[in-house]
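All remarks here apply to the structure that follows.
No lab work stands behind these numbers, since they all come straight from the coordinates. Remember, predicted model here, so these are calculated numbers, not experimental data. When we count neighbours, we look across all protein chains shown, and the Cβ atoms used for this are built from the backbone with ideal geometry, even at glycine.
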């Protein structure tokens, strides 16, 4: 199990950096599209942190605890995404100025960071189904993080912040749809499998 801890730590560190960059960019640019992707990465941060803990704790984390934590994480993500959609629709009628260059830079850095997370998880994903889910998810996040880039470019070219709100609604809609799919499919182990299993050893890691 020890050989999987380092790539998980690298992935968690990179995701933390992505979250920090997007959070700072959100406040600097007042960009809802960037804020929405930051919220998405906050959810990823929680999932990666629990996965990392499952490998470093002596007895691991129980599947019941992991499922409960992810359920509350998913519900929180749905709630916050709903608030963002409401704010985005409000901004369509009452536009706020957006500093377009910031979402471009932050989005590109986030896409690079998410690619780094996926790259770190690629090897371990061949040994553990849970890590594979995180790997596939972060591959998709590379493209999701480019949405604020598109919003920033559209804002700069058009001179209107409406594109930022419209793309924020699109990102939030994607998050809501994928989160609902994960929650509804959790009985099929889509959130967390019953045991964290490592193909490097014959015996699976025992959970409480």
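For a quick check: sort 37, 90, 128 by the number of other beta carbons within 10 angstrom, fewest at the front.
90, 128, 37
Pairs of Cα atoms under 8 Å, at least six residues apart: use those to get the relative contact order of the range 2-188, whole percent.
Once normalised by length, the contact order is 32 percent.
Tell me the label-point distance for the pair residue 126, residue 143, using the 7 Å Cα-to-Cβ offset, in nm and rounded to one decimal.
Result: 2.4 nm between the two label points.
Working out 0.36 nm times the residue gap between residue 5 and residue 56, then minus their Cα-Cα distance, what length gain in nm do you get to one decimal?
Stretched fully, the residue 5-residue 56 segment lengthens by 17.7 nm.
May I ask you to compute the full-extension gain from residue 16 to residue 93, defined as 0.36 nm times their residue separation minus their alpha-carbon distance, rounded to one decimal in nm?
Taking residue 16 through residue 93 to full extension adds about 24.3 nm, to one decimal.
Which FRET efficiency, nearest 0.05, do residue 71 and residue 157 yield, Cβ-Cβ r, R0 45 Å?
0.60
Does the range 2-188 come out rounded, prolate or oblate, given a ≥ b ≥ c as the square roots of the eigenvalues of its C-alpha gyration tensor, rounded meaning a/c under 1.5 and, failing that, prolate meaning a/b above b/c?
Because a/c hits 1.5 or more and a/b exceeds b/c, the range 2-188 counts as prolate.
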